[in-house]
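Undergrad: Please see the structure below; I have some questions.
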Amino acid sequence: MENLDAFARQVAAIVRPEWQLIPNPSSDEWKQSFNKAVHEYLRGDVECCDYNSHYEGEVQPLPSIDLSHLSQKEKYDLSCRVLAMMDGLWLKGRKKIEAIELSRRSNALDFDEVVAYAQRLRGTTYSPPENVNVHDPTRHCEMFPQYHFLGMPLISEMHASRLFALSKLTQQSSSPKVIFEPVSEDMHRMRIECATAGAVIYYQTSRVNTEQINPHTSQPTVYTTAPAVYDASRKFNFKTSSNQFIVYAWSTCEGLRQSEVVRVEYNPPSSEGTAAPAKKSFGFFLGKEKKR
């Protein structure tokens, strides 16, 4: 308790007697007086923003500080109350004052610093931006425990966030886009695009033959082609009335992870609600079909 006397003397040297007239900062009276002082200063009516001048009255001298008559238990209780006050409004206000002082000393942002900050921010779904963990929400608590006054996000929520999707752009090749476009009244064309420059696109097709039942599974037979590299110079045309089929596509690029597999289903148009006639094969299927 030796430091309690020194702390009391420091407080007495800082606190001014007129501060006793200031009401509780959380009261409406204090807010009205503060806003009035700010408006007068902004209008130019006063030279300085001193909201203490609005409080008039007789200022009583500060009570003398003498802790010698207090017992050890009373000093301990007093120290606990002071600590609780400092951990609350006092420290919060001090942090705001320090932030204002730092903003006054700050310079214009450098573009390289902004880019570096964005690089750190893109890899996380929550503060602070220095954390690049987007897979384990509990690991973040050990690194920055003071930030966790709120609940932890779920891994599914982290992976569903926009920041998580953006963080994969520089690590994973973009998923290709499968497009079915008409070229004539009875012909369609399949086209696959990928946003990643220099990416190699792979695709695979499968179709279900409902007329042939697999004796082992008692399910319709599924025919799947071997994976092939997509060639943009080729024309993958097929009849519009072809049977329903599924295209699986993915992309790879040097230095990046393989993209997610995209599944796109082609449904032929029907006339008057009737299904298109069954077809056993398709012209753009590559290689020998595998039955499963």
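The values are calculated or read from the model by the stated rules, or taken from the named source; none is laboratory data. From a predicted model like this one, the values you see are computed outputs, not experimental measurements. With ideal geometry, Cβ positions are generated from the backbone for all residues, glycine too; neighbour counts draw on all protein chains shown.
Undergrad: Consider segment 190-245. How many of its residues are of a type in the set (V, I, T), within 19 Å of V264 (Cα to Cα) and not in a loop (DSSP other than H, G, I, E, B)?
TA: 8
Undergrad: Still on this structure, please answer the following. Suppose we keep only residues that are of a type in the set (S, T, N, Q) and surrounded by 13 or more Cβ atoms within 10 Å (Cβ to Cβ) within segment 176-209. Which one would you say is farthest from F245 (Cα to Cα)?
TA: Only one residue fits best here, namely T196.
Undergrad: Six or more apart or on different chains, Cβ atoms under 8 Å: show the pairs whose first residue is in segment 65-78 and in contact (Cβ under 8 Å) with a residue 12 or more places away in the chain and assigned to a loop (DSSP other than H, G, I, E, B) and whose second is surrounded by 11 or more Cβ atoms within 10 Å (Cβ to Cβ) and among the small types (G, A, S).
TA: Here the result reads I65/A8; I65/A12; L67/A8, each pair linking segment 65-78 to a residue that is surrounded by 11 or more Cβ atoms within 10 Å (Cβ to Cβ) and among the small types (G, A, S).
Undergrad: Would it be correct to say that A6 is among the hydrophobic types (A, V, I, L, M, F, W, C) and touching a Cys at 6+ places or on another chain (Cβ under 6 Å)?
TA: Criteria not met by A6.
Undergrad: Additional query: Restricting attention to segment 246-263, which residues are assigned to a loop (DSSP other than H, G, I, E, B) and either surrounded by 16 or more Cβ atoms within 10 Å (Cβ to Cβ) or in contact with a Lys or Arg (Cβ under 9 Å, 6 or more places away or on another chain) (or both)?
TA: C253, L256, S259
Undergrad: Pull up segment 229-275, narrow it to residues that are more than 17 Å from V183 (Cβ to Cβ) and basic (K, R), then point me to the one that is modelled with the lowest pLDDT.
TA: R257
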